[in-house]
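Enquirer: Pasting in a structure now, in structure tokens, and then I'll have a few things to ask.
Rule-based calculations on the coordinates, nothing more; no lab input. Everything numeric in this text was worked out from a predicted model, so none of it was measured. Every residue, glycine as well, gets a Cβ built from its backbone with ideal geometry; the counts of neighbours run over all protein chains shown.
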Amino acid sequence: MEPSLPSVETLVLAVLVAAVSVLALGLLTNSSMLTHPHALGTRPRPDLFGGSRELPLLGSLIDSLRDMGRAPEGESGVVKRFVERREVGQTGKSMSFTLPGMGRFVVLERPEHLEHVQRSRFDNYEKGEAQRTTMGQIFGGGIFVSDGARWQVHRKTSAKLFTNSTYRGIISTSTHRSTAQLLDAIDHLSTQRGEVDLSRLFFSLTLDAFCFMAFSTDPGALLAAEAGQLNPFAVALDYAQTQTQKRFQNRYWRITERLTGAAAKMRTNMSTVHAFADAIIDARVAQLEGKRAECKESAGRDDDKDDLLALYMRARGSDGEKLTKAQLRDAVINLLLAGRDTTASALSWAVFRILSHPKLVTRIRFEADSLADPTKLPFDQLKDMSWTRAVLEETVRLHPAVPNNSWTALGDDQIPNGPRIEKGDHVAWCDFLQARDPAIWGDDAGAFRPERWLDDEGKFKMDSRLHAFNGEMLATFESVAVLLALFSSFDLAFAPDYLATTPMIQTPLCAEPTPQYRHSLTMPMAQPLRVVATRRVES
């Protein structure tokens, strides 16, 4: 049995830390600490709102300990701070929290504030060493934790795959291929078991589809799911994501993971993830060596494939050298995570929302009927699927795939109509919170209302206030294609006991109950999305 530190002991530890800190208060600080409570190592910022959750010397340490393993469902410290600020009439101040040894985090709450940081003053902010340390075990030196020249290499290389040509070619082909396998799996499981866990199938679908388009390989995740088997890579990646997300809320994870045994378990699971990525790379290298043995004359290219792995193998790093195997592995893992998890989570939440509002199905099927084959959406017709895309965008607004993040300021900055940022501050944002902010989306911010994405003529319109998807066309195309195929092929309903047995959340920021989140980087559902599926018969 793995060693564990019970939550009661964790709370006792927190109380002891607080008691000792309060006793030492008179020696270690002056009256300004009491007037504007903040963590040791930071200084007062009366222009920011910390609220009653910010304590002398400790800052938000108690909140951080309390939030360990808690998803942002309305009970986390930042959400409670948001509600408190509104109650005390301090909405003119930006929220902030401090942690001993970690510094100050300033929360960006407006889309234009994020635009300033991520575009206008991109040169003044970086992911930073703290984020690289927190996420490095899973992401290595990949695009999600890179800055500067290294980030540019990843960005330029991946951008070469996602073009209109590849969307019409390999991306459409892999999406249609995996969607057909998904429909077969639903048919089979419905016949054998009477109900289907769609959330699990969606994660299998996106893993197969992305591996095929990016690495020209099929891991067979859908076939395994159809047979009731677990994919070891997917299980290991899920654990690594959950543990990494916990680190964001527990800034002292290096200590607590050793106490709980999570450090050793993380190493074991990452070995499985690395083995999966290495197998993809080794197979491609062996293939290339076989080609060289057959034909020594080369046209100057290492590979005749146009997939993402080939592009990375031909790429050069910031030092002008080819990427090492470790760098290729990091790239593969980063891309797998992006290609699998964000889309699968979005699909699960979209189906839940659609089944909660059955009238939505008719309009989705109306658009599917306009296609020559509803199960094979041509990329060029994505623009005509206004209603289905509106449903998807409203889904990712309320259920963002990556609900929170933070960068570090390299120098002082003034956010236009926003907070003042000091060198070394961490700027943090919470898409989950922004989506439910009436100041941004109106009084119905917490409601699921796809109509907000349609213009007066019923055509889909982009909205710059949405930050969650960042305009990711791959996730949009794949999700819309799957929804059209799914609802044109099946009549779906929640399993008979699903709503009664699935733990739900209901907060002041949500207009209706929704299933609990699983604590992870991409915030999937905590429980299976169990549905009954009946194949539709064409009239």
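Enquirer: Between residue 49 and residues 5 or more places away or on another chain, which pairs have amide H atoms under 5 Å apart, with H built 1.01 Å from N, and which residues are they?
Expert: Correct list: 94, 95, 96.
Enquirer: Skipping prolines and chain starts, which residues have an amide H placed within reach, meaning under 5 Å, of the one on residue 125, given they are 5 or more residues away or on another chain?
Expert: 410
Enquirer: Hey, fewest Cβ within 10 Å first, where do 122, 210, 139 land in order?
Expert: Neighbour counts put them in this order, fewest first: 122, 139, 210.
Enquirer: For region 473-539, which trypsin sites (Lys or Arg not before Pro) pass both filters: DSSP loop (anything but H, G, I, E, B) and at most 15 other C-beta atoms within 10 Å?
Expert: Answer in residue order: 536.
Enquirer: Taking Cα centroids, how far is region 480-495 from region 418-457 in Å?
Expert: Computed from Cα coordinates, the inter-centre distance equals 29 Å.
Enquirer: Work out how much length residue 165 to residue 459 would gain on full extension: take 0.36 nm times their residue separation and subtract the Cα-Cα distance, in nm to one decimal. Mind dumping the intermediate values first?
Expert: On the way: separation 294, 0.36 × 294 = 105.84 nm, distance 2.47 nm.
My answer for the length gained is 103.4 nm.
Enquirer: Cross-link candidates for residue 461: which aspartates and glutamates have Cα within less than 13 Å, leaving aside residues fewer than 8 places away along the same chain?
Expert: Straight-distance partners of residue 461: 384, 393, 394, 451.
Enquirer: Right, next: List 173, 163 from most exposed to least, where exposure is judged by having the fewest other Cβ atoms within 10 Å.
Expert: Working: 173 15, 163 11.
With the fewest neighbours first, 173, 163 line up as 163, 173.
Enquirer: What ³J(HN,Hα) values, in whole Hz, does the Karplus curve 6.51 cos²θ - 1.76 cosθ + 1.60 give for region 219-231 when θ = phi - 60°, with x put for Gly and Pro?
Expert: Using θ = phi - 60°, the values come out as x, x, 5, 5, 5, 5, 5, 4, 8, x, 9, 9, 8 Hz.
Enquirer: Given a Förster distance of 45 Å, report the FRET efficiency between residue 512 and residue 191 from their Cβ-Cβ distance, rounded to the nearest 0.05.
Expert: Efficiency, from the Cβ-Cβ distance: 0.85.
Enquirer: May I ask for the angle, rounded to the nearest 10°, between helix 172-193 and the longest principal axis of the chain, with both axes built from Cα atoms and the value confined to 0 to 90°?
Expert: That works out to roughly 90 degrees.
Enquirer: How many angstrom lie between the Cα centre of region 180-219 and the Cα centre of region 330-351?
Expert: First find each Cα centre; the distance between them is then 14 Å.
Enquirer: Give me the one-decimal nm value for the distance between modelled label points at residue 314 and residue 259, 7 Å along each residue's Cα-to-Cβ direction.
Expert: Taking the two extended label points, one gets 5.2 nm.
Enquirer: Still on this structure, please answer the following. Which FRET efficiency, nearest 0.05, do residue 90 and residue 497 yield, Cβ-Cβ r, R0 51 Å? Intermediate results must be reported in sequence, preceding the final value.
Expert: Values: r = 45 Å, r/R0 = 0.87.
Between residue 90 and residue 497 the formula returns 0.70.
Enquirer: Can you tell which of 377, 220, 135 lies farthest toward the positive end of the dipole of the chain, using +1 and -1 charges on the Cβ of basic and acidic side chains (Lys, Arg; Asp, Glu)?
Expert: With unit charges placed on the Cβ atoms, the residue in question is 135.
Enquirer: Another one. State the three equivalent ellipsoid semi-axes of the chain, derived from the C-alpha gyration tensor as the square roots of 5 times its eigenvalues, in descending order and whole Å.
Expert: 39, 29, 23
Enquirer: Go ahead and run the numbers for FRET between residue 536 and residue 155, Cβ-Cβ distance against an R0 of 45 Å, rounding to 0.05.
Expert: 0.60
Enquirer: Could I ask something else about it? How big is the dipole moment of region 426-475 about its Cα centre under a simple scheme where the beta carbon of each Lys and Arg is +1, that of each Asp and Glu is -1, and everything else is neutral? Debye, nearest 20, please.
Expert: Values: 6 positive and 10 negative charges, 25 e Å.
The dipole of region 426-475 has a size of about 120 debye.
Enquirer: Here's another thing I want to ask about it. Could you state the angle between the C-alpha long axis of helix 386-398 and the longest principal axis of the C-alpha atoms of the chain, as a value from 0 to 90 degrees rounded to the nearest 10?
Expert: Rounded to the nearest ten degrees, it is 30.
Enquirer: Sequence neighbours fewer than 8 away in the same chain don't count; with that in mind, list the aspartates and glutamates whose C-alpha is under 17 Å from residue 265.
Expert: Partners within reach: 2, 238, 257.
Enquirer: Set the bar at 26 Å for Cα to Cα. Now go through 160/325; 246/325; 127/160 and name every pair that lies beyond it.
Expert: In this structure, 246/325 exceed 26 Å between Cα atoms.
Enquirer: Still on this structure: Ranked by Cβ crowding within 10 angstrom, fewest neighbours first, how are 460, 233, 366 ordered?
Expert: Fewest-to-most Cβ neighbours within 10 Å comes out as 366, 460, 233.
Enquirer: While we're here: Per DSSP H run of at least 4 residues, take -39500 (n - 2.57); add these up for the chain, divide by its residues and hand me the 222 nm value, nearest 500 deg cm²/dmol. Walk me through the numbers before you get to the answer.
Expert: On the way: 22 runs with 269 residues, N = 539.
It comes out at -15500 deg cm²/dmol, rounded to the nearest 500.
Enquirer: Also, I was wondering about something else. Give the longest segment of the chain that steers clear of GluC sites (Glu not before Pro) in DSSP loops with at most 11 neighbouring Cβ atoms within 10 Å, not counting the sites themselves.
Expert: Answer - 1-296.
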